[in-house]
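Working notes, structure below.
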Amino acid sequence: MGSGIQLMIGIPNEMLPLFSSSPSAADFWVHQNVSSYMGKGGADIRYVAVGNEPFLSSYNGQFQNLVMPALLNIQQSLVKANLAGYVKLVVPCNADAYESELPSQGAFRPELTQIMTQLVQFLNSNGSPFVVNIYPFLSLYGNADFPQEYAFFEGTTHSVTDGANVYTNAFDGNYDTLVSALSKLGYGQMPIVIGEIGWPSDGAVGANITAARVFNQGLINHVLGNKGTPLRPEAPPMDVYLFSLLDEGAKSTLPGNFERHWGIFSFDGQAKYALNLGLGNKELKNAKNVQYLPSRWCVANPSSDLANVVNHMRLACSVADCTTLNYGGSCNEIGEKGNISYAFNSYYQLQMQDSRSCDFDGLGMVTFLDPSVGDCRFLVGVTDKGSYSSTSQTTYLWWVLVLILILHGIFWL
């Protein structure tokens, strides 16, 4: 509120059925989440994202027919609130919505042609950009034959030649594939916003701090260079959102363990690496006055028989984040006892260093010597006296969004 920071608010896919069928629910949501926060000295809400990658192929069309009705209802709600001229609706799409061997041949997936035509017509008529999430890391992660250097911006010996155009990085190739797909629908000049792009710093082979820094800095330099892409020379994306600000230690790891490590800042607000955002000599600033718990850690008791530790580790890692222990992670090579200690400590810090949380039937013990090894950092949590608590997996502060809809009674969603 009053910060001048521009915001994009997201509507989860799970709410699309409600908003696609109920204009009154859309009215209520806009009032509660948009108009209530705007005005002089209020929040600068520029976009509302209706769904998040709703056309993802893995959803098998689950949300496909809900997007346009929900979009139209939310738009009418913005009109009623006199906000439609300022707050724009978008639908963030995953890059799997379009496909092609070469950028110039880009086209939306056949089953999406009709819905995409309707969507881009809506976006165009309301002055909204097309929002797309592009992840060269995922291309590299999911394909052993993908040339690693092509994922970055440092030059490559695996360039892609497409007629007179030569592509030296995956971002430009992916971006121009979308440009071609939009052109086939008659909207080749539609503004494009990169809703998400980044590189994880842990949790998989190729996910490390050095790679994350090189990618993100290369991306920033590439965009600020205003060279654009072969199909849109000297016209870079109108906005690029780096993903993400902070690590999310409770995020689903279904796509991969790296999902909890996209943050440019760690859970305690400390920058993982230097990054120049193009603001003169200004670089990232660490959070100040962070209140850490005492410098103590929970580790495996060296005098205990660890034969029965499996269930304790399973318990600890079901609550705390242990993804750095997996293959490719920064703590993958610290040995069996190191793995046990890391799991115990992650749980111990999450429990605010409660002495009982380091017992593990006598298998754990508290130490005042930092057990960190090389790049494997054993965390110390932060207190819950500030605006948030413990580590990034905190369960102590609950943010609850309650939507009350009066239709045939009162529903709590």
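What the table below lists for this structure:
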read-out	value
Flag for Glu259 being at negative phi, open to solvent by 70 Å² or more (accessible area, probe 1.4 Å) and of a type in the set (Asp, Glu)	no
Out of Leu182, Leu231, sole residue that is touching an Asp or Glu at 6+ places or on another chain (Cβ under 6 Å) and touching a residue at least 24 places away in the same chain (Cβ under 8 Å)	Leu231
The listed residue being out of contact with any helix residue (DSSP H, G or I) (no Cβ under 7 Å at 6 or more places or on another chain), more than 22 Å from Pro200 (Cα to Cα), open to solvent by less than 30 Å² (accessible area, probe 1.4 Å) and of a type outside the set (A, V, I, L, M, F, W, C), out of Gly269, Gly218, Gly228, Gly280	Gly228
Single unsatisfied condition, Ser304 versus (1) modelled with pLDDT under 95; (2) under 32 Å from the mean Cα position of the chain (by Cα)	(2)
Subset of segment 183-203 (residues that are of a type in the set (Phe, Trp, Tyr) and either under 19 Å from Arg46 (Cα atoms) or open to solvent by less than 10 Å² (accessible area, probe 1.4 Å) (or both))	Trp199
Whichever residue in segment 150-165 is surrounded by fewer than 16 Cβ atoms within 10 Å (Cβ to Cβ) and within 19 Å of Asn221 (Cα to Cα) and, among such residues, is farthest from the chain's Cα centre (by Cα)	Gly155
Members of segment 348-378 found to be open to solvent by 40 Å² or more (accessible area, probe 1.4 Å), under 13 Å from Cys298 (Cβ atoms) and in contact with a Ser or Thr (Cβ under 9 Å, 6 or more places away or on another chain), listed by number	Gln351, Met352, Met365, Val366, Phe368, Asp370
Unmet criterion (only one of (1) surrounded by fewer than 15 Cβ atoms within 10 Å (Cβ to Cβ); (2) under 28 Å from Ala211 (Cα atoms)) for Leu315	(2)
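The values are calculated or read from the model by the stated rules, or taken from the named source; none is laboratory data. Here the structure is a predicted model, which means the values were calculated and not measured. Every residue, glycine as well, gets a Cβ built from its backbone with ideal geometry; the counts of neighbours run over all protein chains shown. Areas reflect the complete protein model, heavy atoms only, side chains present, ligands, DNA and RNA absent. Shrake-Rupley method; radii C 1.70, N 1.55, O 1.52, S 1.80 Å.
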